[in-house]
Amino acid sequence: MFITIENDVNFGADPIHGRDGPIVIQRYRPQSWAPVNRAMYDACLELGVREAPDLNALDAHAGVVGPMPHNRYKEVRLGTLVTYVRAARGRPNLTIYAGRHVDRIVLEGDRARGVTYLDAAKERRTALADEIVISAGVYNSPAILHRSGIGPAEWLRPLGIDVVADLPVGRNLTDHPGFPMLFRAQGLGVTTGRFFAANVRGPANAQGEPEWQTHPFPVDEEEHTAGFWTYLTRQEATGEVRIQSADPTRPPLIDHRYNTSQRDRDRFADARSFVKAMLASRTFQSHGAVPIDDLDKPIAEALTEALGPAHHQAGSVKMGPPGDPTAVVGPDLRVHGFDNLRVADTSIYPDNVMHNTNLTAVVVGEMAARFISSTQRLNTWQGEQRQTGDASQAIQSS
């Protein structure tokens, strides 16, 4: 499916890549990089890290350095608005309403009948449909389900919400927590050129994935300051998102439980050791590199002061089989126990993906469209079969 959505201008001819999709993938040419990217790249090679021209290749998951793939083309980030949505605007069966705030799903038994929402004037409205897809993101998809009575009973009952389905909606919240490490080096704080251009991935774990990834960033040209941003590819600590009340205008409560797992701290400590090795390399020492942050401070303390999100949140409406007590939706994206209610966004990831969640979210959308289309075709066929059966019965009766 990734092959279907991408147009890789550098490696599109390779079997694992595509070149006919709506989303252009490219890597910035080294001559366009901000200087700190070149320095990190060269330091990694000096330290024996393997070079990977295509970080999306099958053998480039861990222990490599390479140019970062982007879905940015001609200075435009190719998200779904400028690709899928604009291409679909002319369809007669598509209506887009702005300024609406979804409250809850209208449920009757195991069927979703519609959506209740507040319009631009804050008046309550209801839209009916045969198929409902929630795609409100990792925080708001759980909130909509909670207000609909789908979620942990222990959370919903105290809010006066009738529990329709006691499912773990809002649990399993995860992210790629990140940690900056600043340094000073002559000529590497230059803020012209491509910023997110080079990326180094840590050594492989037992699953063949890196524990962390790091890319550099310039900060201040006059002060010669720059930094490394490191994020974990998997977060062991999991958080939760839950509503505060049945009022749809109140934001949900969010707790990612960052910096609560020693395993996560150990991964950051390993990345910090690699950063120290890079700064001590000949490449960085030729620029007189010195750390600004105390790279020997206890890691838990350092993370308390500086850890932040990578904004790759996922997992709060987890996918899994019906018997899985941690799962909310099945492989067909249907909410367990409901025939025509689906969720399609990063909240359904069983665990976080190793990299940016963006393109995987597009694939989820593609799969949702296929599932719905298949269901519609099946319903049409069944309707035709019933009509044929009714006609045959009428002929036999006559």
Note: ALA129 to LEU45 extended length (0.36 nm per residue) minus current alpha-carbon separation gives 24.6 nm
Dividing the helical contributions, -39500 (n - 2.57) per DSSP H run of n ≥ 4, by the residues of the chain yields a 222 nm value, nearest 500 deg cm²/dmol, of -8000 deg cm²/dmol
By how many degrees, 0 to 90 and rounded to 10, does the Cα axis of helix 358-397 deviate from the longest principal axis of the chain?
-> 20
Could you run the Karplus curve 6.51 cos²θ - 1.76 cosθ + 1.60 with θ = phi - 60° over the range 236-247 and give me ³J(HN,Hα) per residue in whole Hz, x for Gly and Pro?
-> 6, 5, 10, x, 8, 9, 8, 6, 8, 7, 7, 6
Sum up the charges of everything whose Cβ sits under 14 Å from the Cβ of THR249, counting Lys and Arg as +1 and Asp and Glu as -1, but leave THR249 out.
-> +2
Quick one: among THR192, THR80, THR225, which has the greatest mean-square fluctuation in a GNM of the chain with alpha-carbon springs under 10 angstrom?
-> THR192
Summing Lys, Arg as +1 and Asp, Glu as -1, what charge do residues with Cβ under 15 Å from the Cβ of VAL335 carry, VAL335 excluded?
-> 0
Roughly what percent of Cα-Cα pairs across the range 267-363 reach past 19 Å?
-> 61
Contour minus end-to-end for ASN205 and GLN285, with contour as 0.36 nm per residue of separation and end-to-end as the Cα-Cα distance?
-> 25.8 nm
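Output the relative contact order of the chain, whole-number percent, from Cα pairs under 8 angstrom with separation of 6+ residues.
The value is 17 percent.
If I take every Cα pair under 8 Å that is 6 or more residues apart in the range 210-342, average their sequence separation and divide by the length, what percent do I get for the relative contact order?
14
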Kirkwood Rh for the range 324-366 from C-alpha pairs, in Å, is 11.1
With θ set to phi - 60° and the Karplus curve 6.51 cos²θ - 1.76 cosθ + 1.60, what are the ³J(HN,Hα) couplings of the range 314-328 in order, to the nearest whole Hz, using x for Gly and Pro?
-> 7, x, 6, 10, 4, 7, x, x, x, x, 7, x, 9, 9, 10
Please report the relative contact order for the range 210-285, taking Cα pairs under 8 Å with a sequence separation of at least 6, and give it as a percent rounded to a whole number.
-> 25
What lysines could a cross-link reach from LYS297, if we take a straight Cα to Cα line under 19 Å and drop same-chain neighbours fewer than 8 places away?
-> LYS276
Placed amide H near ASN7: partners under 5 Å, 5+ positions off or other chain | GLY21, ILE23, VAL24, ILE25
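Check each of the trypsin sites (Lys or Arg not before Pro) in the range 1-88 and keep only those in coil by DSSP with at most 13 other C-beta atoms within 10 angstrom; list them in order.
Hits after loop and neighbour filter: LYS74.
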The helix 262-279 Cα axis meets the longest alpha-carbon principal axis of the chain at an angle in degrees, between 0 and 90 and rounded to 10, of 40
Name the most mobile residue of PRO180, PRO331, PRO158, meaning the one with the largest mean-square fluctuation, in a Gaussian network model of the chain with Cα contacts below 10 Å.
-> PRO158
Taking Lys and Arg as +1 and Asp and Glu as -1, residues besides GLY189 with C-beta under 14 Å from its C-beta add up to -2
Connecting every pair of Cα atoms under 10 Å apart in the chain and solving the GNM, the largest mean-square fluctuation among LEU156, LEU188, LEU94 falls on LEU94
The set of residues whose placed amide H lies less than 5 Å from the amide H of TRP33, leaving out same-chain residues fewer than 5 positions away, is ARG194
At a Förster distance of 35 Å, what's the computed FRET efficiency of ALA57 paired with ARG157, Cβ-Cβ distance as r, to 0.05?
-> 0.10
Amide H contacts of VAL343 (H built 1.01 Å from N, under 5 Å, at least 5 apart or other chain) = ILE134, VAL335
Taking the chain, how much of its Cα-Cα pair set, in percent, is spaced more than 28 angstrom apart?
-> 56
In degrees from 0 to 90, rounded to the nearest 10, what is the angle of the helix 137-147 Cα long axis to the longest principal axis of the chain?
-> 30
Applying the Karplus parametrisation 6.51 cos²θ - 1.76 cosθ + 1.60 with θ = phi - 60° to the phi angles of the range 153-160, what ³J(HN,Hα) value in whole Hz is obtained for each residue in order, glycine and proline being reported as x?
-> 4, 5, 8, 7, 4, x, 8, x
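Each reported figure results from applying straightforward, stated rules to the coordinates on display, with no laboratory input. As the structure is a computational prediction, the values presented were derived from the model and not from experiment. Here Cβ is always computed from backbone atoms with ideal geometry, including for glycine, and neighbour counts include all displayed protein chains.
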